Amino acid sequence: MKPRQKRAAIIVGGLAAIGIAAALILNAFNSNITLFFTPTQVAAGESPKGRVFRIGGLVKTGTLKRNDMTVHFVVTDTARDIAVAYTGILPDLFREGRGVVAQGSVGGDGTFVASEILAKHDENYMPPDAKHAIDAAQAAKTVKQ
């Protein structure tokens with residue numbers, strides 16, 4: 001091989017290695033990303049099917065039911081409600097009427113099966129995405145009336 005051909009082969013090999021590394025990194029990011037959706041978006045079918053995602057809103061008052069270690073409750077953004085089932089120990093700050101973020105996936109019956117529950121730590125704090133979604137849902141509900 002001539003020196004020019006060797007340089008071209010090294011450049012092509014380097015570009016191929018960089019491309020493979022970038023593809024592996026992007027694949028790792030894609031498989032580890034957890035998206036956030038509101039109950040309205042989940043009800044509209046915008047959530048991923050068969051993948052883990054987060055749903056957030058308020059725990060609807062009067063919907064909390066305990067059955068041994070399984071807890072059933074409803075998460076609402078004041079426009080739509082989604083039933084949630086969780087098996088495990090709830091955070092100390094988890095209560096009806098308070099904000100919650102649940103991570104899991106939608107089951108075959110439309111119930112969100114949570115693998116993790118995160119309760120908000122302060123009554124004045126709400127994640128920006130959840131606050132925006134609740135405000136938008138309330139505005140849409142007001143316009144309909």
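Quick notes on this structure:
- Residue ID - farthest from GLY45 (Cα to Cα), chosen from residues in the range 84-112 that are surrounded by fewer than 17 Cβ atoms within 10 Å (Cβ to Cβ) and touching a Phe, Trp or Tyr at 6+ places or on another chain (Cβ under 8 Å): GLU96
- Of all residues in the range 65-83, those satisfying the criterion of being modelled with pLDDT of 90 or more, surrounded by fewer than 16 Cβ atoms within 10 Å (Cβ to Cβ) and in contact with a strand residue (DSSP E or B) (Cβ under 7 Å, 6 or more places away or on another chain) are LYS65, THR70, HIS72.
- Complete set of residues in the range 6-34 that are of a type in the set (A, V, I, L, M) and open to solvent by 80 Å² or more (accessible area, probe 1.4 Å): ILE10, ILE11, VAL12, LEU15, ILE18, ILE20, LEU24, ILE25, LEU26, ILE33
- Pairs with Cβ under 6 Å, 6+ apart, first in the range 60-76 and over 18 Å from ALA43 (Cβ atoms), second modelled with pLDDT under 90: THR61/GLU96; THR61/GLY97; LEU64/GLU96
- Yes/no for GLY57 being open to solvent by 80 Å² or more (accessible area, probe 1.4 Å) and small (Gly, Ala, Ser): no
- Residue tally, condition part of a strand (DSSP E or B) and either more than 16 Å from GLY110 (Cα to Cα) or of a type in the set (A, V, I, L, M) (or both), over the range 57-82: 11
- Per the conditions (1) closer than 16 Å to VAL52 by Cα; (2) at pLDDT 85 or above, the sole criterion not satisfied by ARG95 is (1).
The values are calculated or read from the model by the stated rules, or taken from the named source; none is laboratory data. Keep in mind that this is a model prediction, so the values were computed, not measured. Note that each Cβ is placed from the backbone with ideal geometry, even for glycine, and that neighbours are counted across all protein chains shown. In case anyone asks, the SASA skips ligands and DNA or RNA and just uses the protein heavy atoms, side chains included. Shrake-Rupley method; radii C 1.70, N 1.55, O 1.52, S 1.80 Å.
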